[in-house]
Amino acid sequence: MKLLHPLLRLLAVLIATASLSACYGYDPIKDKLNQLNNSLQNDNGETAPSTPEGLTTFDLTFSFEQWPDVDAALPAGEAGFSSTLWASASNDGFKAIPNQVLPYPVTPAAEGYEGRCVRMLTRPGMKFAGMGSYLVAASLFSGKVDISQLVLAPLEATYFGHIVHQRPVRMRGYYRYTAGPKLIDGSVGPDAMLEGRDSCTIAGIFYEVTLERPYLNGKNLYTAPSIVALARMRTDDTDGWQPFDLVFQTVGNTPVDLTKKKYRLALVFASSARGDEYIGAVDSELLIDELTLTLTTQPE
């Protein structure tokens, strides 16, 4: 007996699914939307800080002092956020490199502005079977990583943002940055040199959560129409520790409605600003410490 053509097999599955749906009232698409809606209603299990009693505007500080004692650790969540606030596709991807040479791209560092800090270090990578890159740009962000997509669709595997119940006003703190010596295109090769020098990114993205777009990813992080406010800087080398102070600027004309809509805030730090294009310099180093986030319940 001849095997069915793949398209015929697919058609048979679709017909069978439709038949089952008709017989039992099961709609897989509707079921998926219901699951997503329930997840959004429950904030996807994320813990976010409450507004202190008697205040409408308040500050939250991240000191990056506490780190779990595990391999490829990331800083513990602070200031009322979930313990799993921070994510790093860099660390997760680096784990998959055979015979990798430590350190991981994101690690704690003792030489913080005050005590410990978070270090992001762009690392050499590897390509195999047409996948991967000769450059692993270090990044730390609030959100999560879908490990199952990381190899085949790395940009889509990054889910940026964490639920917040207030509107961000400012993000400030201290940073130290040194660009690596050789800017390369890591998608081509370890010696595919480019003109110029590497730079780092510090950013905050505040966006509305919808059924169609519950998260932003590496492809639409700065371009999605659901973004309502943005704070962002790219900078070159510094002479030691320097302060940064970014104000969230309104994007578009959609007003923020904290009573009826849900929002996520993505805090993003990267040692190579064009790391999503696999462009950067090995040994570019960004240190971040004493991050302070100002939130408010007041209207714009």
Inset, instruction - Largest first and to the nearest Å, give the Cα extent of the stretch 159-210 along each principal axis. - result: 46, 29, 14
Legend entry - Whole-Hz couplings from phi, Karplus 6.51/-1.76/1.60, listed for the stretch 283-290; x for Gly and Pro: 6, 5, 10, 10, 10, 10, 8, 6
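I need the shape label for the stretch 122-171. Rule: rounded when a/c is under 1.5, else prolate if a/b > b/c, else oblate, with a, b, c from the alpha carbon gyration tensor.
On the way: a/c = 4.69, a/b = 2.05, b/c = 2.29.
Oblate.
Any chance you could run the full-extension gain for residue 283 through residue 83? It's 0.36 nm times the residue separation minus the Cα-Cα distance, nm to one decimal. List each step's numbers first, then the result.
Values: separation 200, 0.36 × 200 = 72.00 nm, distance 2.88 nm.
Roughly 69.1 nm would be gained on extension.
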Inset, instruction - Apply the Debye scattering formula to the stretch 87-133, with a single equal point scatterer on each alpha-carbon and no solvent, then give log10 I(q)/I(0) at q = 0.19, 0.23, 0.31 Å⁻¹. - result: -0.64, -0.83, -1.18
Inset, instruction - Calculate, for residue 292 and residue 129, the FRET efficiency according to 1/(1 + (r/R0)^6) with r their C-beta to C-beta distance and R0 45 Å; round to the nearest 0.05. - result: 0.55
Legend entry - Average projected area [Cα convex hull, the stretch 178-300], square nanometres: 9.2 nm²
Inset, instruction - Compute log10 of I(q)/I(0) for the stretch 98-237 with the Debye formula, placing one identical point scatterer on every Cα and leaving out solvent, at q = 0.11, 0.13 Å⁻¹, to two decimals. - result: -0.51, -0.72
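Could you provide, to the nearest whole Å², the per residue accessible area of the chain with probe 1.4 Å?
Working: 15510 Å² over 300 residues.
Normalised by residue count, the accessible surface of the chain is 52 Å².
Can you give me the convex hull volume of the Cα atoms of the chain, divided per residue and expressed in Å³?
Details: hull volume 56.6 nm³, N = 300.
Given the Cα convex hull of the chain, per-residue volume reads 189 Å³.
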Inset, instruction - With springs connecting C-alpha atoms under 10 Å apart, model the chain as a Gaussian network and identify which of 119, 170, 264 has the largest mean-square fluctuation. - result: 170
Inset, instruction - Find, among the GluC sites (Glu not before Pro) in the stretch 107-213, those assigned to loop by DSSP (not H, G, I, E, B) with at most 13 other beta-carbon atoms within 10 angstrom. - result: 111, 114, 195, 212
Inset, instruction - Kindly state, to the nearest 0.05, the FRET efficiency for residue 149 paired with residue 56, given R0 = 45 Å and r defined as their beta-carbon distance. - result: 0.70
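The values are calculated or read from the model by the stated rules, or taken from the named source; none is laboratory data. If you're wondering where the values come from, they're calculated on a predicted model, not measured in any experiment. Virtual Cβ from ideal backbone geometry, glycine too; neighbours counted across all protein chains shown. The accessibility values were calculated without ligands, DNA or RNA, using every heavy atom of the protein model including side chains. Shrake-Rupley method; radii C 1.70, N 1.55, O 1.52, S 1.80 Å.
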